[in-house]
Amino acid sequence: MQSMSYDLIIIGSGPGGYSAAVRAGQYGLRTAIVEKNPRLGGTCLLVGCIPTKSLLHTAEIWEHFQNPGENGIYCENPRLDFAKAIERKNQIVSKHSKGIDFLMRKNKVDVFRGRGVLRGGGKVDVHTDDGVKTLEAKNIMIATGSEARMLPGLEPDPERILTNVEILDLRKPPKSMVIIGSGAVGSEFASMFHRFGTKITLVEMLPRIVPLEDEEVSRELARIFKKKGIRVETGAKAENIQRCDGGVKVTLTLASGAKEEISADAVLVGIGRRPVTDNIGLENTRVETDRGFIKVDEYQRTAEPGVYAIGDVVAGSPQLAHVATREGLIAVAHIAGKPVQPLNRRLIPSCTYTDPGIGSCGLTEAEARAQGYKVKVGKFGFIPNSMATIMGRHDGFVKVVSDEKYGEILGVHIIGPLAWEYISEAVAAMASEATVDTMMNMIHAHPTLHEAVGEAFNSIYGLAINA
């Protein structure tokens, strides 16, 4: 058994883990990263954010090819080569995984392929087919991420019972699909495969889809989905899921209490994610957990001295790649004795890559009122926006939630074309403590989608120009 010593060992190479490794290398810390997958990148790169967005991009292009006439472009008999789209997705994933390998070499981070298990006392065992290698470090970071939750009694398979993993390697779009859960995963795949021609039934147990978003955003997305032909059932349950010849059968209990059995080619289960904290040796430490999630302080420290945790495994942390990255940088700065600001949860952007897209930050209107703020709301739609007209994408709006007394920006919620690209303007404004008046006086370039943000701030005082 071989032993090696480091300043920091990171278990997991997702966005949080590899970013933390790079920063540790930049700070001159002797660093190792342990990854059980043959490729670096974690869920986000390998079977999550990146491959999903690649296929969403293909879906958008395919939609343009199917309806090109209004732009004066005519395409006879367009054909979707889905296998080619999957190949392109795989190439993108491979390219960026190799890029992470390069970053590890550039920043002198040692990479160990195998399953990392904490032994306690600053030791990590790396289990491989060839045996066990023991690493030692002053500090250890748990960045093992999450995996899809599955309904009791179900096991995923490559064609009929799907999670975010299996659906990314389908050989062709199914003719019909039931999607259980309407969070980011369910709603994005609903938007994607609808454009590929799949008949979608989206089932959500809660009263509204994308339930973490502002209520008006949820209503708008549901309206648009239904208008496009996606069946949306809220307050509903999917039960008694059975494989059958050619697909699956699902019993829906609708909001009315009525039951309906429907058949489909496939079912996608998107009911949330569970932390990957089993079998990583937590029992050998004093790390405290809550339903499998790891408890940490503002610097990502666990109850075990020298052990940090970041990303999807952290209790109460939004399961977002950019949050994991920020938490990793916070932890490394603390380890290196550098000045650092703890995570401000109100300044976390959340993005859903549907059509139209969603970008949000801060408090929803309901949350702000519940917290006792005297709320003033500004709202501006995309119909008057010139760039939206050029793009032919008028659905949605920008909504600003503000404090009436001081003009504090409490939250910004966008549903509209490319919403994820300009929600960062709101994050920057809130992070710098800009007020509504500041944003009213900010000059937005014309013509841009960003202009709708400025108009939303002006509309708080009834001063939007194009309303």
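The values are calculated or read from the model by the stated rules, or taken from the named source; none is laboratory data. This one's a predicted model, so the numbers in the text were calculated from it and none came from an experiment. Cβ atoms come from the backbone with ideal geometry, glycine included; neighbour counts cover every protein chain shown.
Considering only residues that are surrounded by fewer than 21 Cβ atoms within 10 Å (Cβ to Cβ) and either under 25 Å from residue 361 (Cα atoms) or of a type in the set (A, V, I, L, M) (or both), which ones fall in the range 206-229? 206, 207, 208, 211, 212, 215, 216, 219, 222, 223, 224, listed by residue number.
Could you please find all residues in the range 443-467 being touching a Lys or Arg at 6+ places or on another chain (Cβ under 8 Å) and assigned to a loop (DSSP other than H, G, I, E, B)? The one that is touching a Lys or Arg at 6+ places or on another chain (Cβ under 8 Å) and assigned to a loop (DSSP other than H, G, I, E, B): 460. Within the range 266-283, at least one residue is more than 30 Å from residue 17 (Cα to Cα) and not hydroxyl-bearing (Ser, Thr, Tyr). Scanning the range 447-466 for residues that are farther than 25 Å from residue 391 by Cα and touching a helix residue (DSSP H, G or I) at 6+ places or on another chain (Cβ under 6 Å) returns a single hit, 460.
When the residues of the range 351-382 are narrowed to those that are closer than 20 Å to residue 67 by Cα and touching a Ser or Thr at 6+ places or on another chain (Cβ under 8 Å), which ends up surrounded by the most Cβ atoms within 10 Å (Cβ to Cβ)?
Checked the range 351-382; the qualifying residue surrounded by the most Cβ atoms within 10 Å (Cβ to Cβ) is 354.
Number of residues in the range 394-446 that are surrounded by fewer than 18 Cβ atoms within 10 Å (Cβ to Cβ), without any contact (Cβ under 8 Å) to a residue 60 or more places away in the chain and either in contact with a helix residue (DSSP H, G or I) (Cβ under 6 Å, 6 or more places away or on another chain) or within 19 Å of residue 467 (Cβ to Cβ) (or both): the value is 6. Here residue 452 passes the criteria (1) farther than 20 Å from residue 351 by Cβ; (2) among the small types (Gly, Ala, Ser); (3) touching a residue at least 12 places away in the same chain (Cβ under 8 Å) except the one numbered (1). In the range 112-134, the residue that is surrounded by the fewest Cβ atoms within 10 Å (Cβ to Cβ) out of those that are farther than 18 Å from residue 283 by Cα and not charged (D, E, K, R) is 131. Any chance the range 308-319 includes a residue that's in contact with an Asp or Glu (Cβ under 8 Å, 6 or more places away or on another chain) and aromatic (Phe, Trp, Tyr)? No, the conditions are met nowhere in the range 308-319. Restricted to the range 129-186, the set of strands (runs of 3 or more DSSP E) holding at least 1 residues that are among the β-branched types (Val, Ile, Thr) and at positive phi is empty.
Scanning the range 95-110 for residues that are over 19 Å from residue 331 (Cα atoms), crowded, with 18+ Cβ neighbours inside 10 Å and among the hydrophobic types (A, V, I, L, M, F, W, C) turns up just one, 100. Only one of these conditions is not met by residue 63: (1) surrounded by fewer than 23 Cβ atoms within 10 Å (Cβ to Cβ); (2) touching a helix residue (DSSP H, G or I) at 6+ places or on another chain (Cβ under 7 Å); (3) at pLDDT 95 or above. Which number is it? Of (1) surrounded by fewer than 23 Cβ atoms within 10 Å (Cβ to Cβ); (2) touching a helix residue (DSSP H, G or I) at 6+ places or on another chain (Cβ under 7 Å); (3) at pLDDT 95 or above, only one is false for residue 63: (3). Among the residues that make up the range 58-67, is at least one of them in contact with a Ser or Thr (Cβ under 7 Å, 6 or more places away or on another chain) and within 26 Å of residue 320 (Cα to Cα)? For the range 58-67, residues in contact with a Ser or Thr (Cβ under 7 Å, 6 or more places away or on another chain) and within 26 Å of residue 320 (Cα to Cα): absent.
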